[in-house]
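The values are calculated or read from the model by the stated rules, or taken from the named source; none is laboratory data. The shown structure was predicted, so the numbers you read here are calculated from the model rather than taken from an experiment. Here the Cβ positions follow ideal geometry from the backbone for every residue, glycine too, while neighbour counts run over all protein chains shown.
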Amino acid sequence: MVASTAILAMHKDLLARVVPEPQNFDEDKYAGIFHFRLWKDNRWVDVPVDDRLPVNEDGELLFMCSRTKDEFWSALLEKAFAKLHGGYAALEGGSGVEAMLTFTGGLSEQIELSEPHKDFYKTLQKAFERSSLLTCSILEEEKGGKGLSVLHEYSLTGVNKVTLPDVGTVELVRLRNPWGSSEWKGPWGDKMSMEDFLKHFQLLDICHLGPDTLSSHTTGESASKRWEMSTFEGAWVEDPCSCPVPLTQEYLEDNTKVAEVEEFRPSREVTKRFLLLPGNFCVIPATEEPDLAGEFLLRIYTEKKSISKEHDETPGIIEKPPAIFDVCPIDKEDDGAKPTENENEVDGGEGSKEEEEIEVDEDLKRMFNEVAGDEGKVCCESLQSLLKKVFERDGNPQKFSLDICRSMVALIDDNYTGQLSVEEFAFLYKKIKEWEAAFKESDKDCTGYLSTYE
């Protein structure tokens, strides 16, 4: 956390957001309380703390402190951070990028330096162009030495290249030790070659600032190089239900997995960088163990403008579906006539079930009863079988898919039972015959299909 606080102190505008002004020890204003603004769960939280700090027997601060004896803002900020996360014990074992995330509300990215990609320098360069905040650390004892401390976070404050006559181009990084106890004692003094940097350091943490932070933090050219951000809050909740999901081969052929997180980690935030071609992509938050409930925050940063939306639909029931209206054959004599005032309104007309008494012939009723259930009604599966029999009786065999039958049940079933009575089926059969007649009237060339002109 020391490195993150040191980086925060280097940027006055970021510090002013976390440590609101004015707060001081003036006698007429001092009340023994301070407040800080820290980011948690996708929002800024105001955290008040009193002025009592933990000290040892000699009266020295136990945790973070400044070399200047009368400077306490860093210790008070640490106390606010501890309060937000449950106590000072929460500071043990955390990474600096988690603290930086709390201070800025940015997006954290962790890169292992054991096998850096070939464009690693360009990644650092772009990070600084977007005013990202970087820290690095050494994890193994043998990687230390030459003034570098193990298990100690350093601030990465810049990168550049120099060209030497006999050596060529050398990539350099600039480090800052927030403790100030020792510095790099190798070549290049305050700077360090990329070769030495990758030789000693094993972990790089990057905190990418969001557009809201960059708007006040950057000006000029760097202000135009900001991330495009999309944010979604959601949750996997425990709500057992039966959910059949059909998966066809065509889906696998057209929708392949383009990227994934290789391993699950018990971290506060997991970030992955992808290089994607223009297209449509679906991001699926997941847990290592199945059937785990939990809330999550998904944030997407892109260099180019992108559009993101939640791919989710809330199921709903229409209170009353639109009534079915009669489809009358086109009268050639009326061709071109203007519709009357209410002609285009879908109000059920004379053919609606509410106003029309349905007469069911005995043969239709007999076939209905053969497939009906105990309640004297048919579901979509029974309807499929019934329609097949009825149209075979009429000498006009037709195939009705299960989806079509399901849609027809939903269209006619005003009671939302998922079934049709014999009267409702008779009404549906009458409408199907009328639709068939209207179709044949429009199908001038008798192909069984309607052209655009038709």
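Out of Arg226, Arg273, Arg268, report the one residue that is in a loop (DSSP other than H, G, I, E, B), at pLDDT below 60 and among the charged types (D, E, K, R). Lay out the reasoning, then the answer.
Working: Arg273 fails: at pLDDT below 60; Arg268 fails: at pLDDT below 60.
Going through Arg226, Arg273, Arg268 in turn, the sole match is Arg226.
Taking segment 181-214 as the search range and keeping residues that are in contact (Cβ under 8 Å) with a residue 60 or more places away in the chain and in a loop (DSSP other than H, G, I, E, B), which one is surrounded by the most Cβ atoms within 10 Å (Cβ to Cβ)?
Selected residue: Leu209.
In this structure, does Arg406 turn out to be over 18 Å from Leu364 (Cα atoms) and modelled with pLDDT of 85 or more?
In short, yes.
Yes or no: Asp26 modelled with pLDDT under 85 and either under 14 Å from Leu101 (Cβ atoms) or surrounded by 10 or more Cβ atoms within 10 Å (Cβ to Cβ) (or both)?
no
Please state which of the following conditions Lys83 fails to meet, knowing it meets all the rest: (1) in contact with a helix residue (DSSP H, G or I) (Cβ under 8 Å, 6 or more places away or on another chain); (2) of a type outside the set (Phe, Trp, Tyr); (3) in a helix (DSSP H, G or I).
(1)
Restricting the first residue to segment 75-99 and requiring it to be not assigned by TED's automatic domain parsing to the domain that holds Phe36, which pairs with a second residue that is crowded, with 20+ Cβ neighbours inside 10 Å and modelled with pLDDT of 85 or more meet a Cβ separation below 7 Å and a spacing of at least six or different chains?
none
Looking at segment 440-452, can you tell me whether even one residue there is under 24 Å from Glu359 (Cα atoms), surrounded by 13 or more Cβ atoms within 10 Å (Cβ to Cβ) and either without any contact (Cβ under 8 Å) to a residue 40 or more places away in the chain or not assigned by TED's automatic domain parsing to the domain that holds Lys377 (or both)?
There is no residue in segment 440-452 that is under 24 Å from Glu359 (Cα atoms), surrounded by 13 or more Cβ atoms within 10 Å (Cβ to Cβ) and either without any contact (Cβ under 8 Å) to a residue 40 or more places away in the chain or not assigned by TED's automatic domain parsing to the domain that holds Lys377 (or both).
Mind checking which pairs have a first residue in segment 251-265 that is modelled with pLDDT under 70 and a second that is loosely packed, with under 10 Cβ neighbours inside 10 Å, Cβ under 7 Å, 6 or more apart or different chains?
As it stands, the answer is none, since no pair meets every condition given.
Could you check how many residues of segment 32-66 are touching a residue at least 60 places away in the same chain (Cβ under 8 Å), in a loop (DSSP other than H, G, I, E, B) and either over 42 Å from the mean Cα position of the chain (by Cα) or under 21 Å from Ala9 (Cβ atoms) (or both)? Lay out the reasoning, then the answer.
Of the residues in segment 32-66, the ones touching a residue at least 60 places away in the same chain (Cβ under 8 Å) are 38-42, 44, 64.
Filter again for in a loop (DSSP other than H, G, I, E, B), leaving 41-42, 64.
Now restrict to residues that are either over 42 Å from the mean Cα position of the chain (by Cα) or under 21 Å from Ala9 (Cβ atoms) (or both): 64.
Total meeting the criteria: 1.
Conditions tested, residue by residue: (1) in contact with a strand residue (DSSP E or B) (Cβ under 8 Å, 6 or more places away or on another chain); (2) not hydrophobic (A, V, I, L, M, F, W, C).
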| position | (1), (2) |
| --- | --- |
| Tyr30 | no, yes |
| Arg37 | yes, yes |
| Leu61 | yes, no |
| Leu76 | yes, no |
| Ala80 | yes, no |
| Ala90 | no, no |
| Met100 | yes, no |
| Phe103 | yes, no |
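Could you look through segment 146-179, keep only residues that are of a type outside the set (S, T, N, Q), touching a residue at least 24 places away in the same chain (Cβ under 8 Å) and in a loop (DSSP other than H, G, I, E, B), and pick out the one that is surrounded by the most Cβ atoms within 10 Å (Cβ to Cβ)?
Across segment 146-179, the extreme among qualifying residues is Pro178.
Take Pro285 and decide whether it is assigned to a loop (DSSP other than H, G, I, E, B) and either more than 22 Å from Leu411 (Cβ to Cβ) or at pLDDT 75 or above (or both).
Working: assigned to a loop (DSSP other than H, G, I, E, B): yes; either more than 22 Å from Leu411 (Cβ to Cβ) or at pLDDT 75 or above (or both): yes.
Spelling it out, Pro285 is indeed assigned to a loop (DSSP other than H, G, I, E, B) and either more than 22 Å from Leu411 (Cβ to Cβ) or at pLDDT 75 or above (or both).
Spot the failing condition for Asp374; the list is (1) surrounded by 18 or more Cβ atoms within 10 Å (Cβ to Cβ); (2) not in a helix (DSSP H, G or I), and only one is missed.
Asp374 satisfies all of (1) surrounded by 18 or more Cβ atoms within 10 Å (Cβ to Cβ); (2) not in a helix (DSSP H, G or I) except (1).
Considering (1) within 30 Å of Asp13 (Cα to Cα); (2) surrounded by fewer than 18 Cβ atoms within 10 Å (Cβ to Cβ); (3) at pLDDT below 80; (4) among the small types (Gly, Ala, Ser), say which one Ala89 fails and leave the rest.
Condition (3) is where Ala89 drops out.
Could we say that Phe391 is in a helix (DSSP H, G or I), surrounded by 14 or more Cβ atoms within 10 Å (Cβ to Cβ), out of contact with any strand residue (DSSP E or B) (no Cβ under 7 Å at 6 or more places or on another chain) and without any contact (Cβ under 8 Å) to a residue 12 or more places away in the chain here?
It is true that Phe391 is in a helix (DSSP H, G or I), surrounded by 14 or more Cβ atoms within 10 Å (Cβ to Cβ), out of contact with any strand residue (DSSP E or B) (no Cβ under 7 Å at 6 or more places or on another chain) and without any contact (Cβ under 8 Å) to a residue 12 or more places away in the chain.
Looking at the structure I just gave you, is Val49 out of contact with any Phe, Trp or Tyr (no Cβ under 7 Å at 6 or more places or on another chain), of a type in the set (Val, Ile, Thr), surrounded by 13 or more Cβ atoms within 10 Å (Cβ to Cβ) and in the same structural domain as Phe25 (by TED's automatic domain parsing)?
No, not satisfied.
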